[in-house]
Amino acid sequence: WLHRIQASWHDVRVVNVDDNARERMMAGEPVEITILAQLAGLSPADVRFDAIYGRTEPGGGLETTHELPLAFAGQNEDGSCTYTGTLEPTEGGRAGYIIRAMPHHPDLHNPFVTGLVHWA
């Protein structure tokens with residue numbers, strides 16, 4: 001499994017990220033995220049996508065305090081896959097998120113051990 005993932009990982013990518021966020025939102029107001037990803041021949045079960053979110057810092061950095069796994073929503077005719085999730089920030093103030101892609105396997109207890117990750 002790991003050799004197959006490593007051989008394809010450089011071609012796995014997030015093609016598009018979309019959400020319904022507005023410039024000003026209230027704490028607790030849901031933000032629906034949809035991503036479109038190319039899995040480079042891997043199965044949707046082989047890759048997990050997470051929205052990592054938290055407060056944004058004055059310099060533009062992201063203080064990541066929460067993690068939301070995105071759910072596989074379907075495969076498109078061109079082979080790309082759609083994943084969705086809903087953030088519900090509990091705190092006010094400036095907030096943001098970033099998308100993380102990592103290998104996934106039910107027997108992989110720590111996904112960081114592979115050393116494979118993509119950010120979008």
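The values are calculated or read from the model by the stated rules, or taken from the named source; none is laboratory data. A quick note: this is a predicted structure, and the numbers were derived from the prediction, not measured. All Cβ positions, glycine included, derive from the backbone under ideal geometry; neighbour counts span all protein chains shown.
Count of region 47-66 residues, restricted to those that are surrounded by 14 or more Cβ atoms within 10 Å (Cβ to Cβ) and either in contact with a His (Cβ under 8 Å, 6 or more places away or on another chain) or within 27 Å of HIS104 (Cβ to Cβ) (or both), is 11. If you go through region 72-120 and keep only what is aromatic (Phe, Trp, Tyr), out of contact with any Pro (no Cβ under 6 Å at 6 or more places or on another chain) and under 17 Å from VAL12 (Cα atoms), you end up with TYR83, PHE112, TRP119. Just one of the listed residues (ASN76, ASN16) is surrounded by fewer than 12 Cβ atoms within 10 Å (Cβ to Cβ), of a type in the set (S, T, N, Q) and within 13 Å of the chain's Cα centre (by Cα), namely ASN16.
Just one residue in the set ALA27, ALA40 is touching a residue at least 12 places away in the same chain (Cβ under 8 Å), touching a helix residue (DSSP H, G or I) at 6+ places or on another chain (Cβ under 6 Å) and either surrounded by 15 or more Cβ atoms within 10 Å (Cβ to Cβ) or not in a strand (DSSP E or B) (or both); that residue is ALA40. Among the residues of region 98-120, those identified as modelled with pLDDT of 90 or more and in contact with a strand residue (DSSP E or B) (Cβ under 9 Å, 6 or more places away or on another chain) are ILE98, ILE99, ARG100, ALA101, MET102, PRO103, HIS104, LEU116, VAL117, HIS118, TRP119, ALA120. When ALA45, ALA51, ALA73 are checked against the criterion of being at negative phi and part of a helix (DSSP H, G or I), a single residue qualifies: ALA45.
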